[in-house]
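Student: Here it is, the structure, as structure tokens.
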Amino acid sequence: MDPHGEPGAHPLGPLEQALHAARALVLADLAAREVAEADVVSMVEDSVAHRRWWVEQWPDGVGFLPGLVAQDVQDALLERYGRWPLCPVCPTGEPHALEVEPELGPDPHWVCHKAGVKVAAVGGLGGATPS
């Protein structure tokens, strides 16, 4: 007898899968910008734990997890280290951070509001290049 359920079944439920996916996307962005240090990864874990409770209260928000975790980590980094991720699109002027858009919605992207462009999907900063 298979202790994990049916053959081919995912051992994690949909909520845990969504939380793991959000975690992986944000970690990919942190790694792409070379800031995935242990204390920063702990910020991601703290956000995932908080958002687990949040999505248990509002299951319809499961699709919003990647953007929310990204915003949580961005806020935590701002308090401790400064703006992140810095905009790769604007070569001149004051350095500024990208923002997650939509703030509460599916398919979140990193956006430069100064240039008015989408830079990358959350999880896709490794492939983002300045235009």
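Student: In degrees between 0 and 90, to the nearest 10, how far off the longest principal axis of the chain does helix 14-32 point, with axes built from Cα atoms?
Tutor: 30
Student: I've got another one for you. Nearest 500 deg cm²/dmol is fine: what mean residue ellipticity at 222 nm does the chain get from its DSSP H runs of n ≥ 4 alone, each adding -39,500 (n - 2.57), divided by its residue count?
Tutor: Helix contribution divided over all residues of the chain: -14500 deg cm²/dmol.
Student: While we're here: Counting only GluC sites (Glu not before Pro) that sit in a DSSP loop (anything but H, G, I, E, B) with at most 14 other Cβ atoms within 10 Å, what is the longest stretch of the chain containing none of them?
Tutor: 38-102
Student: For the chain, which longest stretch is free of loop sites, where a loop site is one of the trypsin sites (Lys or Arg not before Pro) that DSSP puts outside H, G, I, E and B and that has at most 16 other Cβ atoms within 10 Å? Working shown, then result.
Tutor: Numbers: sites that count: ARG33, ARG83, LYS114.
Segment 34-82 is the longest.
Student: Counting other Cβ atoms within 10 Å, keep those with at most 13, restrict to DSSP loop, and tell me which chymotrypsin sites (Phe, Trp or Tyr not before Pro) in segment 13-83 are left.
Tutor: Those satisfying the criteria are TYR81.
Student: Quick check: residue separation of ALA97 and ALA49 times 0.36 nm, minus the Cα distance between them. What number comes out in nm? Don't skip to the end; give the middle numbers.
Tutor: Numbers: separation 48, 0.36 × 48 = 17.28 nm, distance 2.49 nm.
Fully extending the segment from ALA97 to ALA49 adds 14.8 nm.
We did not get these values from a lab; they are worked out from the coordinates using the rules stated. The shown structure was predicted, so the numbers you read here are calculated from the model rather than taken from an experiment. Every residue, glycine among them, receives a Cβ derived from its backbone with ideal geometry; neighbour counts consider all protein chains shown.
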